Structures are given as C-alpha cells and as structure tokens.
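Asks: Take this structure, written in structure tokens, and hold onto it; I'll ask about it next.
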C-alpha cells in the first residue's frame with residue numbers, strides 16, 4: 001500500500017469509527033456531509049489538476065499506487081474525501097462539546113483582519129501562482145462570509161480550524177517530507193513565498209482553511225434546509 005494511501009486511511013479512520021458513537025451519531029448527517037464534500041472536491045480537484053499541469057506542485061511516484069485519473073494520483077482524489085470528512089467531523093465535535101461559541105465576539109473582526117492580510121499579500125505576490133490564487137480566493141471568500149453570508153457559526157468554524165491545525169501539521173508534515181525519506185508532494189518554490197512551517201509551505205494552511213470553510217458552509221446550509229440549523233446542541 002502506498003504511503004499516500006496510508007495517510008488517507010489513517011486520516012479518516014478514527015473520525016469514521018467515532019462517527020457511529022450513539023450520543024453523537026455524526027453518520028446520520030450523511031445527507032449534509034456528502035454535498036459538502038462534493039462541493040469542496042469539485043472546486044479543489046479542478047484547481048489541483050491545473051496547478052499540477054502548470055508545475056506549481058507535483059507528486060512523488062515513490063509514494064503512490066500508480067493509478068492516475070485526469071493527471072492526478074488516485075490518492076489525491078481520495079484526499080478531498082478523507083480530509084473534508086475528518087474536518088467536518090471535528091467541526092461537529094466542537095459544536096457538540098464546546099458549544100459555548102467562545103470566539104463569537106471576535107469572529108467577524110478576525111475574518112476581516114485575516115481577509116485583509118491575505119488579499120494584500122496575494123496582490124503583492126501576483127507572480128507566485130500558489131500564493132496569489134490561494135490568498136486572494138481565501139481572502140475574498142472570508143469577506144463574502146463576513147459581509148454577505150453572515151453565518152452565526154463563524155466563531156465555531158475558527159475554533160474548529162485552530163484545532164484542526166494540530167492534525168494538519170502531522171498529515172501535511174508527512175506529505176511534505178517530515179519523518180519520511182522523500183516528500184509525497186513537492187512544490188515549485190518559485191510559485192510560493194518560500195516560507196515553510198517545518199516542511200509545509202505556509203500557503204497550505206490557507207488552502208486548507210478555504211477548503212474547510214467551503215465544506216462547513218455547504219454542510220450548514222443543507223442542515224438548515226432540513227430543519228437542523230446551527231446551533232444544534
């Protein structure tokens with residue numbers, strides 16, 4: 001089994017098992033989980049294909065199964081299922097066990113600050129494709145949430161995201177070369193800031209935030225339409 005496939009399986013295994021915990025029963029929200037994953041995957045797989053073809057990043061065949069679809073390894077397709085599932089599970093665990101919405105008062109100011117910084121840095125690095133596209137898209141999407149969508153759960157999203165950063169450093173650390181001989185995913189540093197969090201390009205943390213926020217938005221929208229709006233606990 002390939003290294004990347006192991007990463008996918010280990011990322012989803014514990015959240016999948018715990019989703020059947022009777023008091024929580026996350027699996028019963030499959031009707032909201034599925035469209036949230038599909039929405040995020042649709043955007044990011046297209047993005048991934050384009051950036052792979054442009055040489056912004058690439059994949060080390062040493063750690064892959066050898067199966068490719070549309071120029072992407074099978075494991076990369078699975079990544080956009082396993083990571084969103086695990087992230088949505090973590091987000092809902094936060095809602096269940098930390099329902100106090102501790103970041104409610106700072107959620108919108110925090111969104112404005114992060115969005116502003118991302119957009120400014122993105123514009124100043126328009127020649128670096130990974131930095132520019134990721135920072136601009138994430139900044140504008142945050143602004144759309146803060147100014148137009150005004151979700152009540154934004155504080156809980158930020159809290160969940162900060163918690164998700166812990167497994168993020170482990171998973172992305174492995175993918176970018178921590179603890180293994182060669183990285184699974186390699187980057188063209190001419191297309192990013194060259195700032196690494198251990199072995200992880202700083203852009204990855206923004207890329208992940210954007211993916212998870214899209215997942216959470218769709219997840220919450222479906223739940224709202226089916227009569228289970230936030231807060232649920």
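Asks: Looking only at the stretch 137-157, decide whether some residue is more than 17 Å from residue 104 (Cα to Cα) and buried (at least 22 other Cβ atoms within 10 Å of the Cβ).
Replies: Checked the stretch 137-157: at least one residue is more than 17 Å from residue 104 (Cα to Cα) and buried (at least 22 other Cβ atoms within 10 Å of the Cβ).
Asks: Among the candidates 98, 103, single out the residue that is modelled with pLDDT under 95, in contact with a helix residue (DSSP H, G or I) (Cβ under 8 Å, 6 or more places away or on another chain) and either over 23 Å from residue 157 (Cβ atoms) or surrounded by fewer than 21 Cβ atoms within 10 Å (Cβ to Cβ) (or both).
Replies: Answer to the check: 98.
Asks: Oh, and also: So which residues in the stretch 58-72 are assigned to a loop (DSSP other than H, G, I, E, B), under 23 Å from residue 201 (Cβ atoms) and touching a residue at least 40 places away in the same chain (Cβ under 8 Å)?
Replies: 60, 64
Asks: If you take the residues of the stretch 22-44 that are at pLDDT below 95 and touching a helix residue (DSSP H, G or I) at 6+ places or on another chain (Cβ under 9 Å), which of them is nearest to residue 80 (Cα to Cα)?
Replies: Filtering the stretch 22-44 for residues that are at pLDDT below 95 and touching a helix residue (DSSP H, G or I) at 6+ places or on another chain (Cβ under 9 Å), the one nearest to residue 80 (Cα to Cα) comes out as 24.
Asks: Now for a separate question. Within the stretch 184-194, does at least one residue satisfy the condition of being closer than 21 Å to residue 48 by Cβ, in a helix (DSSP H, G or I) and touching a helix residue (DSSP H, G or I) at 6+ places or on another chain (Cβ under 7 Å)?
Replies: yes
Asks: Taking the stated definitions as given, is residue 214 at pLDDT below 95 and surrounded by 15 or more Cβ atoms within 10 Å (Cβ to Cβ)?
Replies: Spelling it out, it is not the case that residue 214 is at pLDDT below 95 and surrounded by 15 or more Cβ atoms within 10 Å (Cβ to Cβ).
Asks: Restricting to the stretch 59-79, what's the tally of residues that are surrounded by fewer than 22 Cβ atoms within 10 Å (Cβ to Cβ), under 30 Å from residue 24 (Cβ atoms) and out of contact with any strand residue (DSSP E or B) (no Cβ under 7 Å at 6 or more places or on another chain)?
Replies: Total meeting the criteria: 1.
Asks: Mind counting the residues in the stretch 195-220 that are part of a helix (DSSP H, G or I) and touching a residue at least 12 places away in the same chain (Cβ under 8 Å)? Give the derivation first.
Replies: Of the stretch 195-220, the ones part of a helix (DSSP H, G or I) are 202-220.
If we keep only those that are touching a residue at least 12 places away in the same chain (Cβ under 8 Å) as well, we get 203-220.
Going through the stretch 195-220 one residue at a time, the tally reaches 18.
Asks: State all residues of the stretch 115-130 that are assigned to a helix (DSSP H, G or I) and in contact with a helix residue (DSSP H, G or I) (Cβ under 6 Å, 6 or more places away or on another chain); if no residue qualifies, say none.
Replies: 115, 118, 119, 121, 122, 129, 130
Asks: What pairs can you find where one residue is in the stretch 21-39 and in contact (Cβ under 8 Å) with a residue 24 or more places away in the chain and at negative phi, the other is in a loop (DSSP other than H, G, I, E, B) and surrounded by fewer than 16 Cβ atoms within 10 Å (Cβ to Cβ), and their Cβ atoms are less than 9 Å apart, with a gap of 6+ or different chains?
Replies: Pairs that qualify, where the first residue is in contact (Cβ under 8 Å) with a residue 24 or more places away in the chain and at negative phi and the partner is in a loop (DSSP other than H, G, I, E, B) and surrounded by fewer than 16 Cβ atoms within 10 Å (Cβ to Cβ), are 26/20; 29/228; 31/226; 32/226; 32/228.
The values are calculated or read from the model by the stated rules, or taken from the named source; none is laboratory data. Small disclaimer: the values here were computed from a predicted structure and weren't measured. Using ideal geometry, Cβ is built from the backbone for each residue, glycine included, and neighbour counts are taken over all protein chains shown.
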